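The values are calculated or read from the model by the stated rules, or taken from the named source; none is laboratory data. These numbers come from a predicted model, not from an experiment. Cβ atoms come from the backbone with ideal geometry, glycine included; neighbour counts cover every protein chain shown.
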Amino acid sequence: MFDEKIDILEDSLLKYNAALLKILLEDKTTKKNIIWATNDYYEQYFDGYEAYQEIRVDSVSGIFGKIIQPRIAKDKSKQIERTKNHAEVFTPSWICNKQNNLVDAAWFGRENVFNKEAGNSWITNKEKICFEQKGKTWQKYVDAKRLEIACGEAPYIVSRYDHATGQAIDIENRIGLLDRKLRVVCENSASCEEWLKWSLRAVQSVYGYEYQGDNVLLARENILYTYIDFYRLFTKNEPSEKLLLQIANVIAWNIWQMDGLTNKPPEIIQQNRDSAKNLQQPFCTIKDWRAKELITFDSIGK
């Protein structure tokens, strides 16, 4: 059964601070909004929901405030259609955990750092994470860059819920790459100021790209709400609007919309009565927060 606690309503973001939702819809490369990049919504809502059109605040709020849902909440026929048309298959959390464990085993030089795998589940290590290998500090772990390709709703980065079942996951048992970093920040920060510094750097260190616009928004929301969860865990308070706007801006840079075959924003052909206009796109721009510079994702591979 789908757990409705995992579905973040865009109206809630809009009510909290209108600028927050606006930032989460930004495309930093095109200087516009992310686009739908699918006609799934056009089939039902028509004007304003074609693949080439930008996702506007008013197209996902108000009477349209519940149209974007996690994959698991979508109609089964729609899930099958998206798998067929977009190869969209979301990975169960136990598999994400297994693969993330491989990444950490390589970094730490030992296995079972955050948890021990148990069939289609895991047993969380409740002890403070130990950084015993020479040169491997908790700060370096937090700063280590991680990328999820074709990230969908970002199940490898954050695990608020199991993306295959829809079941919410308690914060102490989460297995995402950012979840692990934020756990380490919570365990090692001696003050709120230190937590704020390193939690920001944790968010700055995780990246992901996705083609379909609704998934980009869902991934961004999942990361924002994960940050809120860990903030509450450490401070026992609520984050300020100023802080969340700062975090949202980082997320909008780090989780971007891209065609993985071209390293550019989706290039959708706009059909009209007279002609088809193919809009030439630049390579996607991302930010290296430690170097304080903008780079194209395409340049990394070269």
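Annotations
- Residue within the range 211-218 that is under 16 Å from the mean Cα position of the chain (by Cα), touching a residue at least 24 places away in the same chain (Cβ under 8 Å) and part of a loop (DSSP other than H, G, I, E, B) present: yes
- Set R201, R232, R146: member being touching a strand residue (DSSP E or B) at 6+ places or on another chain (Cβ under 6 Å) and surrounded by fewer than 23 Cβ atoms within 10 Å (Cβ to Cβ): R146
- K32 vs. criteria touching a residue at least 24 places away in the same chain (Cβ under 8 Å) and of a type in the set (D, E, K, R): no
For every residue, the table says whether it meets (1) buried (at least 18 other Cβ atoms within 10 Å of the Cβ); (2) more than 23 Å from P155 (Cβ to Cβ); (3) in contact with a strand residue (DSSP E or B) (Cβ under 6 Å, 6 or more places away or on another chain).
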| site | (1), (2), (3) |
| --- | --- |
| E10 | yes, no, no |
| A18 | no, yes, no |
| K22 | no, yes, no |
| L25 | yes, no, yes |
| T38 | yes, no, no |
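- Odd one out for D47, checked against (1) of a type outside the set (A, V, I, L, M); (2) surrounded by 13 or more Cβ atoms within 10 Å (Cβ to Cβ); (3) at pLDDT below 95; (4) assigned to a loop (DSSP other than H, G, I, E, B): (2)
- Flag set for R71, criterion: at pLDDT below 95, buried (at least 20 other Cβ atoms within 10 Å of the Cβ) and under 20 Å from the mean Cα position of the chain (by Cα).
- Elements of type helices (runs of 4 or more DSSP H) contained in the range 88-205, each with 2 or more residues being within 25 Å of V250 (Cβ to Cβ) and of a type in the set (A, V, I, L, M): 177-188, 192-204
- Checking D162 against (1) under 15 Å from the mean Cα position of the chain (by Cα); (2) modelled with pLDDT of 95 or more, the condition it does not meet: (2)
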